[in-house]
Amino acid sequence: MKIVFLDAATMGSDISFSPIQALGQLVCYETSTPQEALERVCDCEVLIVNKIRVTRELIDAARCLKLICEAATGVNNIDLDYAASKGIPVRNVAGYSTGSVVQTTFMHILALEGRSAYFDGCVKSGRYSRSGIFTDVSVPYHELAGKKLGIIGMGNIGTGVAKVAEAFGMEVCYFSTSGTSHCKDYPSLPLERLMSESDIVSVHAPYNERTAGLIGKDQIGLMKRSAILVNMGRGGIVDEAALADAVDAGLIAGAALDVFSSEPLPEDSPFMKMVHKERMILSPHIAWASVEARTRLVSMIADNIAEGW
């Protein structure tokens, strides 16, 4: 069988595709424009995509197509209804990156709360060497123990974050974006109460009609001035302009984001125009992408191909 991966560069160059190669002829393209994609799928039987849009036109161009594999969990880039009408199954991969996202969440939380960038700069700039004293307590930092963590979206990743938070001695609550409070280990709160009571708000929800624009200016305005907001879910869940304004004005203490409404982040993004960039940690959508997570992802794509063929 011929397997075509239209945007293989999203997986990195350090991961082996051997589990997929063992199943057929794998042709990988680093990236593909919409026009290039139309030309490249004409004789493929299995199509793998990460962020490439699989439209009606693309499906029609893939005359031999029998299976679409999403190299991620979300499938909102695929015209699922049209694929179904053509009898073409779509297989995604779930759960491969849970540990990676949980780890990145706390990497950002600890960096913000621990003021690690400031202290690192203090030493490397020579300020510490010239200070004449053994420490620098001019910039305070805080412990996580005793703080309240409000999780928006208590799925597998949210649950993993909650368990780590408990190990730090934090109090955990959550808001169910589905409307069903299925997790009984922690209290489920209305969104407004969670936003106003939490010291840290951490977003781990999918992007859908219930979560689009869920956290806007009004919701951010409910937060404590000492609170921080972390988004590891999807960019469109949080109003980016409102968040940038709130952090810059000191209405909340800081924020950390790994996802954005437009990716890669536009150079004219509100985050790029902030005065107090030190209050914000931004990473280029890497929470999913540990070496271990990407290795699992390739293996699970191969399983989807083997089972769907």
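The values are calculated or read from the model by the stated rules, or taken from the named source; none is laboratory data. Owing to the predicted nature of the structure, the values given are computational and were not obtained by experimental measurement. Quick reminder, even Gly has a Cβ in these numbers, built from the backbone with ideal geometry, and neighbours come from all protein chains shown. The accessibility values were calculated without ligands, DNA or RNA, using every heavy atom of the protein model including side chains. Shrake-Rupley method; radii C 1.70, N 1.55, O 1.52, S 1.80 Å.
Filtering segment 75-94 down to residues that are assigned to a helix (DSSP H, G or I) and among the hydrophobic types (A, V, I, L, M, F, W, C), which residue is surrounded by the most Cβ atoms within 10 Å (Cβ to Cβ)? Step by step, filter segment 75-94, then rank; the result is Ala83. For segment 10-37, residues that are part of a helix (DSSP H, G or I) and in contact with a Leu (Cβ under 6 Å, 6 or more places away or on another chain) total 2.
Among the residues here, Ser32 qualifies as within 17 Å of Val4 (Cα to Cα) and among the small types (Gly, Ala, Ser).
Annotation note: Cβ proximity below 6 Å between a residue of segment 246-263 that is of a type in the set (D, E, K, R) and a residue that is at pLDDT 95 or above and surrounded by fewer than 20 Cβ atoms within 10 Å (Cβ to Cβ) (sequence gap 6+ or interchain) occurs for Asp248/Met274; Asp248/Val275; Asp248/His276; Asp258/Ser283; Asp258/His285; Glu263/His285. Scanning segment 45-59 for residues that are assigned to a loop (DSSP other than H, G, I, E, B) and closer than 20 Å to Met300 by Cα yields Glu45, Asn50, Lys51, Ile52. Mind listing whichever residues of segment 242-278 are of a type in the set (D, E, K, R) and within 16 Å of Ser202 (Cα to Cα)? The one that is of a type in the set (D, E, K, R) and within 16 Å of Ser202 (Cα to Cα): Asp258. The criterion of at least 1 residues that are more than 18 Å from the chain's Cα centre (by Cα), modelled with pLDDT of 95 or more and surrounded by 13 or more Cβ atoms within 10 Å (Cβ to Cβ) is met by the following strands (runs of 3 or more DSSP E) wholly inside segment 96-208: 148-152, 171-175.
Okay, residues lined up against (1) part of a loop (DSSP other than H, G, I, E, B); (2) among the aliphatic types (A, V, I, L, M); (3) within 23 Å of Asn208 (Cβ to Cβ):
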| site | (1), (2), (3) |
| --- | --- |
| Ser261 | yes, no, yes |
| Pro284 | yes, no, no |
| Trp288 | yes, no, yes |
| Glu292 | no, no, no |
| Thr295 | no, no, no |
| Val298 | no, yes, no |
| Glu307 | no, no, no |
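Which of the residues spanning segment 268-309 are among the charged types (D, E, K, R), crowded, with 17+ Cβ neighbours inside 10 Å and within 30 Å of Leu23 (Cβ to Cβ)? Passing the criteria: Arg294, Arg296. Give me the pairs, please: first residue somewhere in segment 64-86 and free of Cβ contacts under 8 Å to residues at least 60 places away in the same chain and of a type in the set (D, E, K, R), second residue anywhere and in a loop (DSSP other than H, G, I, E, B) and surrounded by fewer than 22 Cβ atoms within 10 Å (Cβ to Cβ), beta-carbon distance under 9 Å, and either six or more positions apart or on two chains. Short answer, once both residue conditions are applied: Glu70/Asn50; Glu70/Asn77; Glu70/Asn92; Glu70/Val93; Asp79/Arg53; Asp79/Thr55.
Conditions (1) more than 14 Å from Gly153 (Cβ to Cβ); (2) open to solvent by 20 Å² or more (accessible area, probe 1.4 Å), marked per residue:
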site: Gln219; (1), (2): yes, yes
site: Arg225; (1), (2): yes, yes
site: Val238; (1), (2): no, no
site: Leu243; (1), (2): yes, no
site: Asp248; (1), (2): yes, yes
site: Leu251; (1), (2): yes, yes
site: Gly254; (1), (2): yes, no
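This table checks each residue for (1) open to solvent by less than 40 Å² (accessible area, probe 1.4 Å); (2) among the hydroxyl-bearing types (Ser, Thr, Tyr).
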site	(1), (2)
Val4	yes, no
Asp14	no, no
Ile20	yes, no
Ser32	yes, yes
Asp43	no, no
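Taking the criterion of being free of Cβ contacts under 8 Å to residues at least 60 places away in the same chain and either among the hydrophobic types (A, V, I, L, M, F, W, C) or farther than 20 Å from Trp309 by Cβ (or both), the residues of segment 8-25 that qualify are Ala8, Ala9, Ser13.
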